[in-house]
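In what follows, a single structure is set out as structure tokens and then discussed.
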Amino acid sequence: MTSANLDRIVSGSIPMPVCIINKNGKITMANDKIGEVFIYDAIIDADFFALTGIKTAELYESAETNTYHLIKRNDRVFKLICQVTPEDEEGHLTILFSDVTGFEELKEKYNNERICIGKIQIDNYDELISNIPLDIRGEVTNQIDKAVRNWAEKLNGSINRLGDDKYVFSFQQIYLEKIIALKFEILDEVRNIETGADFPVSLSIGVGALGKSPMQTESYADAALDLALGRGGDQAVIKKGSQIEYFGGKLQTVEKRNKGKSRIVGHALKQLIDQSKKIFIMGHVNPDMDCFGATLGVMRLCALREKEPYIIIDNYKEALSTIYKEAKDSDEYRFINSEKAISLADKDSLVIVLDTHRSSIVQCPELINICEKIVIIDHHRRVEDFIENPTLAYMESYASSTSELVAEILQYMTSKKSLIKLEAEALLAGMTVDTNGFTVKTGVRTFEAAAWLRRQGADPTEVRRFFQEDKDSFIIKTKALADAVFHEGGIVTSICTTKHADEQVICAQVADELLTVKGIKASFVTGKNSEGLTVISARSLGEVNVQVIMEKFNGGGHLTTAAAQVDISPEEAIEKILEYMEEE
């Protein structure tokens with residue numbers, strides 16, 4: 001430390017609190033004004049980290065990058081300005097404490113008073129109204145309206161009704177934390193309204209915040225509402241710039257009984273197929289039975305329009321080997337890998353994406369950028385890394401599977417007998433897997449689609465053949481069931497201790513099996529796949545939203561069925577799951 005610096009600090013010529021620390025983070029010198037920051041008498045030799053919680057390495061990094069830290073002391077806010085004296089061989093760090101209380105208070109006031117915009121939509125409004133007895137219909141709609149308006153009033157917000165089922169409201173950002181802390185209690189409040197219908201009232205809410213302008217904030221609200229609706233409703237989504245938070249989602253998605261949309265989508269898809277010279281069909285990486293069944297179904301749809309599409313598959317798991325080999329040996333389908341697809345595609349090609357809408361996990365992401373015409377058919381709840389600007393998107397989270405959606409489209413676009421036996425069985429197999437043998441997430445339309453596939457020649461006995469497992473899988477599964485750990489609150493966890501190429505499938509089967517135990521509300525099973533990643537399968541009976549838990553691992557799925565892949569050990573994954581469950 002130079003004598004000039006020493007003299008300036010000791011003499012008090014620097015008009016703000018200042019101290020010097022060594023490389024070990026110990027305070028070696030300070031001026032008299034340091035008492036404005038620290039009330040301790042003996043400040044020399046004190047540990048700076050113990051006083052502030054800021055590590056020494058972070059302070060030196062701040063000096064190099066010209067960044068700063070803020071600390072609050074004695075009802076004041078100080079900005080820490082760090083400087084290293086170049087000629088100081090010992091590398092001491094000079095820290096100046098600039099009082100920025102007024103500026104920070106002004107910034108906080110500005111942020112608190114910024115306007116947030118929210119959009120509310122009553123889910124399945126037409127279905128709801130048609131199911132409410134006529135004599136109480138007016139009373140129910142008044143109760144919903146009153147609940148929504150009272151909630152907005154608690155936020156000192158302004159609210160306007162747009163049509164029968166939509167609202168727009170605005171409020172100051174200071175109330176946003178209150179909404180988050182109470183986890184959008186309005187969702188529970190309207191759900192408890194007695195309607196006399198066979199399903200409760202639910203809302204979808206999208207909130208936009210931190211936009212640079214009112215227009216951008218409203219666009220955030222619209223995007224958040226789209227996410228809430230795309231995820232099945234009965235939930236709220238907050239979009240603060242690129243940050244997105246989810247709340248609610250306790251109800252199973254209500255099945256839409258009107259099949260008009262599948263007819264409209266089918267007609268639009270038929271036109272796109274007719275207009276395209278090259279067609280590529282792909283699902284997600286490592287396709288499962290639902291993805292593969294939907295692929296063969298859409299391929300037949302193209303063939304009926306006298307088109308020969310390419311099916312993109314790079315890799316597949318052992319569970320798909322039997323049906324894939326049969327399809328490949330039949331010479332009915334043109335299977336290619338991603339490299340070949342990229343060489344063939346151009347901007348006028350049509351890409352049909354099945355069983356996913358996430359750009360990050362499609363079989364060949366490059367095609368999304370090459371081709372201008374993109375169709376999405378998916379049954380998963382919408383997430384933020386959605387493929388942008390698709391030409392046609394048919395996403396219905398009420399559906400049991402993508403195979404169900406494709407089967408419905410086929411019914412309205414083809415003649416009485418249009419599928420070959422393998423295709424009908426592949427679609428039925430896809431539905432069987434995603435419904436766990438038609439026991440979960442099934443509606444009237446699920447069974448109608450299955451019945452149609454049966455008439456198309458699907459043999460349930462043959463379908464069972466696709467699900468036969470090898471001896472090693474059976475042993476792994478049996479051991480995982482035996483080693484299951486039962487926790488309080490109806491939660492059960494297990495770990496598959498042996499690596500297997502089809503680890504995700506095995507974990508899913510174990511999770512399904514554990515749900516059959518009395519008193520169990522949710523099951524979580526982890527294991528290592530052949531790539532060394534930890535796979536997680538999560539299942540519930542509806543009381544626990546496993547999708548929300550899996551999204552914390554960057555996974556996803558549905559309220560009762562979800563999964564994820566993480567780069568931590570299976571044991572660490574179980575620990576985190578139990579932590580997240582306590583937070584819920």
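Any read-out appearing in this document is the output of simple, stated calculations on the displayed coordinates, not a laboratory observation. No experiment lies behind these values; they were computed from the predicted model shown. Don't worry about glycine lacking a Cβ; one is built from the backbone with ideal geometry, like all the others, and counts go over all protein chains shown.
Overview of results
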item: Test item: Cα-centred dipole of the range 377-468, Lys/Arg +1 and Asp/Glu -1 on Cβ, debye; result: 480 debye
item: Convex hull volume per residue in cubic angstrom - Cα atoms of the chain; result: 207 Å³
item: Residue-count net charge about Gln271 - beta-carbon cut-off 12 Å; Lys, Arg +1, Asp, Glu -1; result: +2
item: Greater than 18 Å apart at Cα, pairs in Lys79/Lys107; Lys270/Lys441; Lys261/Lys373; Lys239/Lys552; Lys317/Lys441; result: Lys270/Lys441; Lys261/Lys373; Lys317/Lys441
item: Percent of Cα-Cα distances greater than 15 Å, calculated over the range 500-541; result: 37 percent
item: Unit charges at the beta carbon, dipole of the chain: most positive-side option, Leu514, Gly532, Leu304; result: Leu304
item: Nearest-20 debye value, the chain charge dipole, Cβ charges on Lys, Arg, Asp, Glu; result: 1840 debye
item: Note, ³J(HN,Hα) from phi for the range 566-578, Karplus 6.51, -1.76, 1.60, rounded to Hz, x at Gly and Pro; result: 9, 9, 10, 6, x, 5, 5, 4, 4, 4, 5, 4, 5
item: The range 456-584 shape via C-alpha gyration tensor axes, a/c threshold 1.5; result: prolate
item: Segment Met16-Val517, length gained on full extension (0.36 nm per residue, minus Cα span); result: 173.6 nm
item: Greater than 31 Å apart at Cα, pairs in Lys307/Lys471; Lys325/Lys576; Lys325/Lys499; Lys119/Lys347; result: Lys307/Lys471; Lys325/Lys576; Lys119/Lys347
item: Positive-end extreme of charge dipole, the chain - chosen from Ser473, Val383, Leu162 (charges on Cβ); result: Leu162
item: For the chain, with +1 on Lys and Arg beta carbons and -1 on Asp and Glu, the positive-most of Phe335, Ile129, Gly211 along the dipole; result: Ile129
item: Taking only Cα atoms of the range 113-265, radius of gyration then Dmax in Å; result: 15.5, 48
item: Test item: Cα-centred dipole of the range 91-227, Lys/Arg +1 and Asp/Glu -1 on Cβ, debye; result: 440 debye
item: Fraction of beta bridges assigned by DSSP in the chain that are antiparallel (%, nearest 5); result: 65 percent
item: Cβ-based exposure ranking for Arg161, Arg381, in which fewest neighbours within 10 Å come first; result: Arg161, Arg381
